[in-house]
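Contents: one structure, followed by commentary.
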Amino acid sequence: MSSWVVGVDIGGTNVVVGLIPTAGGHPVSIRNRATASLGSQDEVVGHVGRMIEEVIEQGVANGGGSRADVVGIGIGTPGPLDLDRGVVLDAFNLGWRDFPLRDRLAEATGLATSLDNDANCATWGEYWLGAGRGARTLVGVTLGTGIGGGVILDGRLVHGASASAGEVGHMTIDFTGRRCKCGNYGCLEAYASGPNIAARAREGVEAGAESILLELAGGELERITAVTVYEALLQGDTYALEVMTETAKILGAGVANLVNVLNPDVVVIVGGVTRAGEHLFAPLRSEVRRRAFRTAERVCRIVPGDLPETAGVIGAAGLFLSHQR
């Protein structure tokens with residue numbers, strides 16, 4: 001008889017819930033909704049709890065068995081987190097503070113529940129079933145509403161002294177640079193997250209750059225997003241290519257720092273920005289070659305993730321299972 005585990009991936013834009021075979025594999029049922037639609041912190045558990053019950057009902061019906069064959073729930077959410085207490089301390093992109101999410105969902109569902117950082121979950125998903133399979137030392141970089149990361153050394157996810165390891169988006173790449181939502185200046189996230197790619201593109205258009213970006217956004221500057229930049233890039237827009245190339249070089253500087261410090265054999269980059277393909281990866285890898293130690297750079301593969309929609313869900317489920325061993 002099959003057994004199952006639920007993965008919950010709560011990001012700044014979307015929340016995704018899926019039912020995963022404990023033996024590993026893609027979700028047999030999945031639900032997706034906008035994070036903003038979850039409402040206030042107090043309403044989150046009810047909405048996510050219903051999504052969990054829906055994927056369980058559909059998944060066990062399709063795969064055989066019953067709800068009793070569901071062993072638990074793994075949750076990934078932005079941090080910082082108190083992993084011992086299962087509390088989201090301050091998810092500033094979501095407006096959550098001191099939120100005991102793990103225990104609240106466990107009480108609502110009656111299932112054992114684990115909590116980890118969403119980027120750690122995406123990294124574990126790619127390590128377990130995606131582009132990082134077989135790696136010993138792996139770094140994940142997640143590009144979305146923010147920039148997160150995860151570090152796996154010799155098959156073990158690194159949490160650090162206060163569960164803050166892997167916050168690669170808040171490394172400083174320009175100490176006098178752009179202000180980040182975290183309150184610091186010059187963070188990698190302040191330049192290369194989806195909203196900040198869009199912000200930089202809008203600034204260029206406002207300053208007079210020739211581009212189809214404004215046309216694609218219906219003539220409304222504030223409607224230019226990272227997706228708009230990608231669409232313009234596909235249509236051969238020179239300025240969109242300039243924005244993407246600059247983004248790639250900024251990311252390359254950040255990845256070079258990670259390569260120098262951690263000497264990974266794989267860096268997996270996940271998120272919507274990776275749809276730019278070699279427009280992103282070619283200049284990114286070139287920048288890493290320029291900045292990283294040769295002995296570290298030459299053994300490191302820098303690759304897009306294999307699980308573009310489900311890395312976080314699969315990883316959250318996988319981390320729950322790893323806690324049970």
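The values are calculated or read from the model by the stated rules, or taken from the named source; none is laboratory data. Quick caveat: nothing in here was measured; it's all calculated off a predicted structure. Here the Cβ is made from the backbone with ideal geometry for all residues, glycine too, and neighbour counts use every protein chain on show.
Might you check whether a residue that is of a type in the set (S, T, Y), surrounded by 20 or more Cβ atoms within 10 Å (Cβ to Cβ), more than 30 Å from R85 (Cα to Cα) and at pLDDT 95 or above occurs anywhere in the range 171-185? So far as the range 171-185 goes, no, none of its residues is of a type in the set (S, T, Y), surrounded by 20 or more Cβ atoms within 10 Å (Cβ to Cβ), more than 30 Å from R85 (Cα to Cα) and at pLDDT 95 or above. Here G318 passes the criteria (1) without any contact (Cβ under 8 Å) to a residue 40 or more places away in the chain; (2) in a helix (DSSP H, G or I); (3) not aliphatic (A, V, I, L, M) except the one numbered (1). Residues in the range 27-50: is at least one modelled with pLDDT of 95 or more and in contact with a Phe, Trp or Tyr (Cβ under 8 Å, 6 or more places away or on another chain)? No. Among the residues of the range 97-112, those identified as in contact (Cβ under 8 Å) with a residue 40 or more places away in the chain, in contact with a strand residue (DSSP E or B) (Cβ under 9 Å, 6 or more places away or on another chain) and more than 23 Å from T13 (Cβ to Cβ) are T109, L111, A112. Tallying residues that are under 15 Å from V141 (Cα atoms) and of a type in the set (A, V, I, L, M) within the range 160-189 yields 4. Within the range 210-242, track down each residue that is part of a loop (DSSP other than H, G, I, E, B) and surrounded by 18 or more Cβ atoms within 10 Å (Cβ to Cβ). If the condition is that a residue be part of a loop (DSSP other than H, G, I, E, B) and surrounded by 18 or more Cβ atoms within 10 Å (Cβ to Cβ), then S211, A217, I224, T225, D237 are the ones that fit.
Could you list, in sequence order, the residues of the range 128-163 that are over 11 Å from the mean Cα position of the chain (by Cα) and free of Cβ contacts under 8 Å to residues at least 60 places away in the same chain? Show your work before the answer.
First pass over the range 128-163, keeping only residues over 11 Å from the mean Cα position of the chain (by Cα): 128-139, 151-163.
R133, G134, I152, D154, G155, R156, V158, G160, A161 - these are the residues of the range 128-163 that are over 11 Å from the mean Cα position of the chain (by Cα) and free of Cβ contacts under 8 Å to residues at least 60 places away in the same chain.
The lone criterion from (1) among the aliphatic types (A, V, I, L, M); (2) outside any helix (DSSP H, G or I); (3) in contact with a strand residue (DSSP E or B) (Cβ under 6 Å, 6 or more places away or on another chain) left unmet by V313 is number (2).
The lone criterion from (1) under 18 Å from A198 (Cβ atoms); (2) in contact (Cβ under 8 Å) with a residue 60 or more places away in the chain; (3) surrounded by 24 or more Cβ atoms within 10 Å (Cβ to Cβ) left unmet by V270 is number (1).
Of all residues in the range 87-96, those that are over 23 Å from T310 (Cβ atoms) and either touching a residue at least 24 places away in the same chain (Cβ under 8 Å) or crowded, with 18+ Cβ neighbours inside 10 Å (or both) total 4.
Taking the conditions (1) closer than 17 Å to N196 by Cα; (2) hydrophobic (A, V, I, L, M, F, W, C); (3) free of Cβ contacts under 8 Å to residues at least 12 places away in the same chain in turn, A276 satisfies each one other than (3).
Residues in the range 278-323 that are of a type in the set (S, T, Y) and under 19 Å from G74 (Cα atoms) were compared, and the one that is surrounded by the fewest Cβ atoms within 10 Å (Cβ to Cβ) is S322.
Before we move on, is V299 among the aliphatic types (A, V, I, L, M) and at pLDDT 95 or above?
Numbers: among the aliphatic types (A, V, I, L, M): yes; at pLDDT 95 or above: yes.
Here the answer is yes, as V299 does meet what is asked.
Considering every residue within the range 75-82, establish whether at least one is assigned by TED's automatic domain parsing to the domain that holds A317, assigned to a helix (DSSP H, G or I) and crowded, with 21+ Cβ neighbours inside 10 Å. Explain how you work it out, then say what you get.
Our first condition is that a residue be assigned by TED's automatic domain parsing to the domain that holds A317; within the range 75-82, this holds for 75-82.
Restricting the remaining residues to those that are assigned to a helix (DSSP H, G or I) gives none.
Checking the range 75-82: not a single residue is assigned by TED's automatic domain parsing to the domain that holds A317, assigned to a helix (DSSP H, G or I) and crowded, with 21+ Cβ neighbours inside 10 Å.
Cβ separations smaller than 7 Å between residues 6+ apart or across chains give the following pairs from the range 56-85 residues that are within 17 Å of A316 (Cα to Cα) to residues that are in a helix (DSSP H, G or I) and of a type in the set (D, E): G76/D118; T77/D118; P78/D118.
Yes or no, residue by residue, for (1) closer than 24 Å to V44 by Cβ; (2) at pLDDT 95 or above:
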residue	(1), (2)
P78	yes, no
G86	yes, yes
F92	yes, no
N120	yes, yes
G132	no, yes
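In the set L188, L157, only one residue is in the same structural domain as A248 (by TED's automatic domain parsing), touching a strand residue (DSSP E or B) at 6+ places or on another chain (Cβ under 8 Å) and farther than 30 Å from M244 by Cα; that residue is L157.
Exactly one residue out of A163, A190 is under 16 Å from G148 (Cβ atoms), modelled with pLDDT under 95, crowded, with 17+ Cβ neighbours inside 10 Å and not acidic (D, E): that is A163.
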